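Here the structure comes first, spelled out in structure tokens, and everything after it is commentary.
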Amino acid sequence: MASRARVTVYRDQARREALEHSFDGRVEAAGEIVDRAKSAAPVYSGAFRGSIDFETQGDRVFVVAEDEDSMYIEYGTEDTPAFAALTESARPYGKYRGWQPRGGR
């Protein structure tokens, strides 16, 4: 006679625990993304490359570029192709659902 077990997964609790247990790994991945993005970033004045970093807010981890022209450099404009240093550096680490760069390098 086969044994049976019933398991109840509490979605909110499972999500909280997954975020908690994966935090150090996500911080490590963010640091690697920052390193890759900085090496791929264009250097005109160095402001864009120098503004690339990561930050945490609670259990969330973000890779950011704080230069005021970051949006234009990363995603391009009508007249300027995208560089996509952050986007392309982050792609190997997971699913990306955000803006897509115009054109390409």
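The values are calculated or read from the model by the stated rules, or taken from the named source; none is laboratory data. Since this is a predicted model, take the numbers as computed values, not measurements. Cβ: placed from backbone, ideal geometry, glycine included. Neighbour counts: every protein chain shown. These accessible areas exclude ligands, DNA and RNA; they are computed on the full protein's heavy atoms, side chains included. Shrake-Rupley method; radii C 1.70, N 1.55, O 1.52, S 1.80 Å.
Using only C-alpha atoms and all pairs of different ones, pull out the Kirkwood radius for the chain in Å with one decimal. Don't skip to the end; give the middle numbers.
Values: mean 1/r = 0.0632 Å⁻¹.
For the chain, the Kirkwood estimate is 15.8 Å.
Distance in nm between label sites at ARG97 and ASP69, each 7 Å beyond Cα in the beta-carbon direction?
Placing both labels 7 Å beyond Cα along the Cβ direction yields 3.3 nm.
Determine the relative contact order of the chain: mean sequence separation of Cα pairs under 8 Å and six or more apart, normalised by residue count, in whole percent. It would help to have the intermediate numbers written out before the result.
On the way: 114 pairs, mean separation 22.8, N = 105.
Relative CO of the chain lands at 22 percent.
I need the chymotrypsin sites (Phe, Trp or Tyr not before Pro) found in segment 2-85, filtered to DSSP loop residues with at most 14 other beta carbons within 10 Å of theirs.
Values: sites: TYR10, PHE23, TYR44, PHE48, PHE54, PHE62, TYR72, TYR75, PHE83; in loops: TYR10, TYR44, PHE83.
Taking segment 2-85 and a limit of 14 other Cβ atoms within 10 Å, the loop chymotrypsin sites (Phe, Trp or Tyr not before Pro) found are TYR10, TYR44.
Whole number in Å², please: accessible area per residue of the chain, 1.4 Å probe, ligands, DNA and RNA not counted.
Ligands and nucleic acids excluded, the figure is 77 Å² per residue.
Please give the charge dipole size of the chain, origin at the Cα centre, charges +1 on K and R Cβ atoms and -1 on D and E Cβ atoms. Round to the nearest 20 debye.
On the way: 15 positive and 18 negative charges, 177 e Å.
Value, rounded to 20: 840 debye.
Which angle from 0 to 90°, rounded to the nearest 10, does the C-alpha axis of helix 11-40 make with the longest principal axis of the chain?
30
Under unit Cβ charges (Lys, Arg +1; Asp, Glu -1), what dipole magnitude, rounded to 20 debye, does segment 1-42 have relative to its Cα centre?
Details: 8 positive and 7 negative charges, 71 e Å.
So the dipole magnitude of segment 1-42 works out to roughly 340 debye.
Tally up the carbon and sulfur contribution to the accessible surface of the chain as a whole percent, 1.4 Å probe, everything protein left in place.
Numbers: 3880 of 8110 Å².
Carbon with sulfur: 48 percent of the solvent-accessible area.
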